[in-house]
Every structure is written in structure tokens, then in C-alpha cells.
Amino acid sequence: MSTQATGTFKIDSWDEADEGGLARARVTQTFSGGIAGAGRADWLMAYRADKTADFTGYLRVDGEIGERSGAVVFRSTGAFDGKEAAGPLEIVRGSGTGELAGIVGTGTFSAPMGGEPSVSLDYDFE
């Protein structure tokens, strides 16, 4: 039986560079709630002429999920529709450290322009 953690995050920095049709962003974030701590992400984005995009990347969070602390890496592939970036999250198997060793799970995130970004995760331990 899995446990659900929900939270919010804020983007502390966004450093984006166009790499010839693809853009790469290095992002730092602060998470709070059921997922709390410092996050760093690398996103690779393919923008369209209408400024929407598809993206893929990895996010590492150092902090706490529920009552346990450590670090974990998430993988995501999502889309930006011009108003909101959203997509699924999947914990990279074997990436948990400290009390998060053995964590597995999936979830979603949403980052609306001008709104509060949120994250939801259903997780368990192997």
C-alpha cells in the first residue's frame, strides 16, 4: 500500500540556453509540504513556434519525503502549453539515499504561469 505526499515548490533560479533548436535549463527549487527540501533539475526542451514545448529531464531533491530524509532523483517527460508546465514524475529506481533508500513511486507536478507550482507523489519502499 503506497503513501501519498503532496507539496508546493518555488523556482529559485532558471538558467536557460538555446542549443540549436533545443533549449537546456538548469533550475534550482525549494520544496515544502510532504516533499520538502532543495531541488536541482536539468531540463531539455524542444520549443515550437507558438512558444509551447515538450521537455524531458531529471530532478534531484535533497530533503524529506514524509517522515524520512535523504535524497532522491525523479525522471519526467512533460509539456508546456503556454500557460502551464506539467507532467508525470517517476522515482529513478535505486536513487534514494539515507532514509529514502529503497523508495519507489510515481506522481505528477504542475507549474502554472503566475500560480503556485505543486507536486504529488505516491510512494512505497522496496
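Compute the accessible area per residue over the chain, keeping the other protein chains in place, probe 1.4 Å, unit Å².
Details: 6880 Å² over 126 residues.
In whole numbers, the chain has 55 Å² accessible per residue.
Projecting the Cα atoms of Ala49, Phe9, Val73 onto the charge dipole of the chain (Cβ charges, centred on the Cα centre) puts Ala49 farthest toward the positive pole.
Ignoring ligands, DNA and RNA, what percent of the accessible area of the chain is carbon or sulfur (1.4 Å)? Mind showing how you got there, number by number?
Numbers: 3570 of 6880 Å².
Roughly 52 percent of what the probe reaches on the chain is carbon or sulfur.
Working from label points 7 Å from Cα in the Cα-to-Cβ sense, the Ala38 to Thr97 distance is 1.2 nm.
Here the chain is treated with +1 on each Lys and Arg Cβ and -1 on each Asp and Glu Cβ, and its dipole about the Cα centre works out to around 120 debye. Given [x] 25, 18, 16; [y] 32, 19, 10; [z] 26, 14, 13, which label gives semi-axes √(5λ) of the Cα gyration tensor in Å as computed from the coordinates? Looking at semi-axes √(5λ) of the Cα gyration tensor in Å for this model, the match is [z].
The values are calculated or read from the model by the stated rules, or taken from the named source; none is laboratory data. Just so we're clear, the structure is a prediction, and the values are computed from it rather than from any experiment. Please note: Cβ atoms are built from the backbone with ideal geometry, for glycine as well, and neighbour counts cover all protein chains shown. For accessibility, only protein heavy atoms count, side chains too; no ligands or nucleic acids. Shrake-Rupley method; radii C 1.70, N 1.55, O 1.52, S 1.80 Å.
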